[in-house]
Amino acid sequence: MRTRTAYVLACLTVLACAAVISGGRPLMIVGGLPLALLLPGTALSALLFRHPRRPIPIERIMLIPLLSLATLVLGGMLVWVAGAPLHRVTWLALTAGVTLAALSAVMVRELRTPTVPAPRSGHDATPDGPSEPEPMDRRRRLLHQVVPAALAVLLLAGATWLSLASSIRSHHVAVTTLSVVPPGAADSSGERSVLVSATGLAAGDAYRLVVTTAKGTGGTSVTVSADHNGLWTSTLRLPGDDRLTLGLYRTGQTAALRTVIIAIG
Amino acid sequence: MADERASGSDPEPTGRPVVAHAKPVVAHAEPVAVRAELAEDGQDDPERPELVPIRVASADDTMDLPVVPAEPGSLAPVRKVSADDTDEFPAITAQLDDTDEFPAIVVDEVAAAEATTAEDVTPAEKVTTAEKLTTAEEATVTAAEQVTAAGEPAPTEETEEEPVEADRIEVERDRRRVLRGSGLGQAPWILALSSLGVLLVALGYAGGRSSNQLATAAYWLGQIVVFTPVVLRLLARRRAGIAESFVLVMGLAVNQYLLKWCYSPDQFRFPDELQHWLATTTINQSGELFRPNPALPPAVHFPGLAEMGAAVSQLTGLPVTAAGIIVAGVCHLGLVAGLYLAVLRASRSPATAGVTCVVYATSLHYLFFNSMYLYQTAGLAFLMLTVWASRRHQAGNGWQFGVLAAAGILVTAICHHVTAGALVLTLLLIGIAEVCTVRPRPWKVLIFPGAALAVVAGWILVVARDVLAYLEAPLDQVVQGVMRFAGRQATSGAAPAAPLWQLGIQALGLLVLLGLFLAVAQDMRARRSRDPWLWAALAGSAVFFAGNGVRFLGSNGPEIAGRLSTFTYVPMSIVAAVALVRGVPLRRPAGSRWRRLLAPEPAASGRTFTWRVLLGAALITVLMAGARVGGWPPADQLLPGPYLADGFERAVDSYGIDAADWEYHTLGPGTRTGGDLTAIALGSTYGHQDPVRGVGPLFYDQQWSADDQTLADDLALRYLVVDKRLGEQLPADRQYFDDDPRAGRITAPLSARQLGKFDDLPQWSRLYDNGEIRIYRVGAG
């Protein structure tokens, strides 16, 4: 790795840290993913392998993310052993610290014994030919690489959208619940406070809660008014010396939609 | 034709030395340029025959290329062919510094001409260029310029030479060829077609969710479209370079990972993924490692994956689920890349490496289990990294690879117990094979297996001792199964027989693999091969076949066999790839020519070759189909869809999740809560409950009895989750509960009486009801 590349990577690391610290979700994703998956591995592989082509590029493709993940595992373990909690700041310091330390070592090494630059094979280093791709090259590249790649991306995007939409549609149904917080014992008055909740109530429907005793007598009806989230919560004073059944009814229906039972307190 | 090519003696165009085998050279599907470049340092073969130049044909002209001595089907290192840049891709990788392209390795591999007699079968190797290049371009591609005479001292990394001026011209020409797309071949279009398959499978999934009749057809068509074109291309383009085969393999891995993700794209549903979701969430919330995980206690001491997920989640602000999907995807791709590179280094054949990966993609748990957010997924990636790095280190490629191997061993040990054990065994197997086959015996190859054994044993004995008890149960089951089998006793609780068509597909796949295994074994025996890696692969393949026998041992036999195949299928894939790519003789009738199965022999008309490619692709596709019906998800749950009682992913729906959320928010973490399999899976993860397993007897009794009360007391049961739908469906996995006393013998759903009796218990309170699921407080509380 050349010194200039190391500087660029160091700057990117600092920018990624700033993005993570900013706290905004999109910026955090843009900064956090490279910090977790790319930058430590890139710096460590540059530190380990001085020659830019060793290991070969596809080996580097594997090494960079795996070295980054190894940094998280081994570094996280060391940090925890040292007694520090594994929170965002810790992960940030770990990944950025490893990256910058490795890049610093690379830069020091380059300053002491510079790597002989490899001859450029890019557009500006052709001793006997045009430096820019020929028009035919561009067209062929478009046909053989860009077009199919774009097509693949479109197809995969369509597949992911379709799966996500159908999964959400089929699984994310409104669940109507009736529940009570485990009630305590009855107080001196023989009653107890019971926190009753209902969720998933339809906005346009009217509901009522009917409380009956074990003998089916003493029924008490409470009107249930859900908020805009379909949630209703109320604390009821209920007798503690009887087994009670609380039924949630949709207005106009005789069968309870949901039922909870409270044993004698 | 072949003889002409092999016997020519035209001067080498660049005037550089060219080496080749003294004998007629082996005809092998292997790119010579790549081979030369991948030749390992420091492994001089004392038995190496004298090397002489040969003439190699290109598409338009002939030219001399470096040809290395090798046995047919050999995975053994080619000794000392490249000296300038021994383990690089010199003329090819140079361009990567300045372009984002992959190397354009266009040196073709073709099969040998068949010998005319049995004695004539001495393999011949020849090389042609893949593309219709100009003569000048052809001259740039080969590694001939990079090759010095054999026997030259191996250069170290520090003495590696930079490309000279003449190479710069070649590099530019390579770049031009890359710009024309020749480096990637047809990979982009093939992957675009494969992506269409992903869309078809996604349509199948969507159809499954809405119970569409055509969903299954779309699923299978999509699976074939995703997979088979890549296989066809890899088999047909045995002369393809690294760039094309690597892109094909990784593209297929991405597409297949998306198949897994599309099954449940919005959240984790598989119980094991939920367990690791909890482990990650716990680190996020507490900032500590080794916190209890009631959903999967052994995972506490293998926090590698959870660390990765927690770090990604914390740094990006993404939910744990999204972070887990990313981490699992990276690890899965790391596994595939590691497998490709390890086989590439061992075989020096991109085609063999590519076909190995696609064959491995037909293992039972490749598609789902090994790409889920599980600690094994993380361990597998580092297992393969370690194998690759240790290989390169032992080849004398530098101390850096030793560091990588050591790091890989550590991370694998921290990630997953079984994978760590498999790593030790893998390194040991390779080491023993090398010690047994190489002279003088390279005892130093046992350093890495020894180090791995020490690290893994140290971690388990010092940190994760509880995993011994965790692994004891399945091991006991296997041992007992073997003993019963040996005693010919009936195995109670044996796995139910799968439908005949499923068994047929899986049996056909096993037979295909067995045939390839036997062919390679016979070929190696006939050649008296001393290739340690191939012997190790053969031994591992034998374990694969033995492991398949485990599926008949007890009710969990198929699951154990499937999980075992995750590791044993790696060597099996290598052996199958060697057979499919390079071709091995099945038999050798007296006085006749060698018969080659699927050998990439050049046929005058091309028809034979085409048929062989089609047959090979069909065989691998059959393996893929067998893996789909015999792997995960179960064959009757290949498509997502409506709720299935205790059907793992299919059992996780909004009702169960809402109940688990209520447990978390209302009951608080750590409450002893019991229920059926799904209730336990969700309650112990999303609900943070302390799961109470083994509550089946409480459900099966028609009336609450004193025994039930005793059991509830013994289990310290505080809350019980009752799913009404257990009274509507039979369990998808033959049991409703953990430790179900009626597992495998359930013939009818639970009755309304069995499920409703809890309402009649005066001391019990039904505190939660969502229409399908009820949660009871056991006793007065």
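Each reported figure results from applying straightforward, stated rules to the coordinates on display, with no laboratory input. No experiment lies behind these values; they were computed from the predicted model shown. Using ideal geometry, Cβ is built from the backbone for each residue, glycine included, and neighbour counts are taken over all protein chains shown.
Binning all Cα-Cα separations of the stretch B:292-400 at 5 Å, short to long from zero, yields these whole-percent fractions: 2, 12, 17, 19, 17, 13, 11, 6, 2, 0. In order along the stretch B:445-456, the phi-based Karplus estimate (6.51 cos²θ - 1.76 cosθ + 1.60, θ = phi - 60°) of 3J(HN,Hα) comes to 5, 8, 5, 5, x, x, 5, 4, 4, 5, 5, 5 Hz; Gly and Pro are listed as x. Between A:Thr254 and B:Ala469, the C-beta separation translates, for a Förster distance of 56 Å, into a calculated FRET efficiency of about 0.55.
What net charge do the residues around A:Leu103 carry, taking every other residue with its C-beta under 12 Å from that of A:Leu103, with Lys and Arg at +1 and Asp and Glu at -1?
Charge balance in the 12 Å sphere: +2.
By the scheme Lys and Arg +1, Asp and Glu -1, what is the net charge of all other residues having a beta-carbon under 12 Å from that of B:Ile773? Intermediate values should be presented prior to the final figure.
Numbers: positive: A:Arg258, B:Lys724, B:Arg725, B:Arg766, B:Arg774; negative: B:Asp653, B:Asp658, B:Asp661, B:Glu663, B:Asp676, B:Asp723, B:Asp769, B:Glu772.
Around B:Ile773, the surrounding residues sum to -3.
Provide B:Ser264, A:Ser189, B:Ser390 in ascending order of the number of other Cβ atoms located within 10 Å of each residue's Cβ, fewest first. Numbers along the way, then the final one.
Working: B:Ser264 20, A:Ser189 9, B:Ser390 29.
Going from sparsest to densest Cβ surroundings: A:Ser189, B:Ser264, B:Ser390.
What FRET efficiency do you get for A:Asp187 and B:Gln703 if R0 is 30 Å and r is their Cβ-Cβ distance, rounded to the nearest 0.05?
Details: r = 34 Å, r/R0 = 1.15.
That gives a FRET efficiency of 0.30.
Summing +1 for each Lys or Arg and -1 for each Asp or Glu among the other residues whose beta-carbon sits under 12 angstrom from that of A:Val79 gives -2.
To the nearest µm²/s, what D does Stokes-Einstein give for the stretch A:1-68 at 4 °C and 1.567 mPa s, using the Kirkwood radius over alpha carbon pairs as Rh? Walk me through the numbers on the way to the answer.
Numbers: Rh = 12.4 Å.
Rounded, D is 104 µm²/s.
Applying the Kirkwood pairwise sum to the alpha-carbon positions of the stretch B:210-312 produces a hydrodynamic radius of 17.0 angstrom. Spin-label pair B:Ala507-B:Val435: with each label point 7 Å from Cα along the Cα-Cβ axis, the two points sit 4.2 nm from one another. Return the loop-located trypsin sites (Lys or Arg not before Pro) in the stretch A:162-265 (DSSP other than H, G, I, E, B) with at most 11 other Cβ atoms within 10 Å of their own Cβ; answer none if there are none. When the trypsin sites (Lys or Arg not before Pro) of the stretch A:162-265 are filtered for loop state and at most 11 Cβ neighbours within 10 Å, A:Lys215 remain.
Taking the Cβ of each residue in A:Arg4, B:Arg237 as the centre, tally the other Cβ atoms inside 10 Å and list the residues starting with the fewest. The partial results should precede the final answer.
Values: A:Arg4 10, B:Arg237 23.
Ascending Cβ contact count within 10 Å gives the list A:Arg4, B:Arg237.
Here the simple spin-label model places points 7 Å from the Cα toward Cβ, and for A:Ile264 and B:Asp661 these points are separated by 3.7 nm. Based on the Kirkwood radius over alpha-carbon pairs, what is the Stokes-Einstein translational diffusion coefficient of chain A at 37 °C with 0.692 mPa s viscosity, in µm²/s? It diffuses with D of about 128 µm²/s by this estimate. Could you tell me which chymotrypsin sites (Phe, Trp or Tyr not before Pro) in the stretch B:703-781 are loop residues by DSSP with no more than 15 other beta carbons within 10 angstrom of their beta carbon? Of the chymotrypsin sites (Phe, Trp or Tyr not before Pro), the ones in loops of the stretch B:703-781 whose Cβ has at most 15 other Cβ atoms within 10 Å are B:Trp704.
Can you give the FRET efficiency to the nearest 0.05 for B:Gln522 and A:His51, using r as the Cβ-Cβ distance and R₀ = 35 Å? Using R0 = 35 Å, I get an efficiency of 0.25.
Using the count of nearby Cβ atoms within 10 Å as a rough guide to exposure, how do B:Phe544, B:Phe382, B:Phe609 rank from fewest to most?
On the way: B:Phe544 24, B:Phe382 32, B:Phe609 21.
Going from sparsest to densest Cβ surroundings: B:Phe609, B:Phe544, B:Phe382.
With a simple spin-label model that places each label point 7 Å from the Cα along the Cα-to-Cβ direction, the separation between A:Leu143 and B:Thr216 comes to 4.3 nm.
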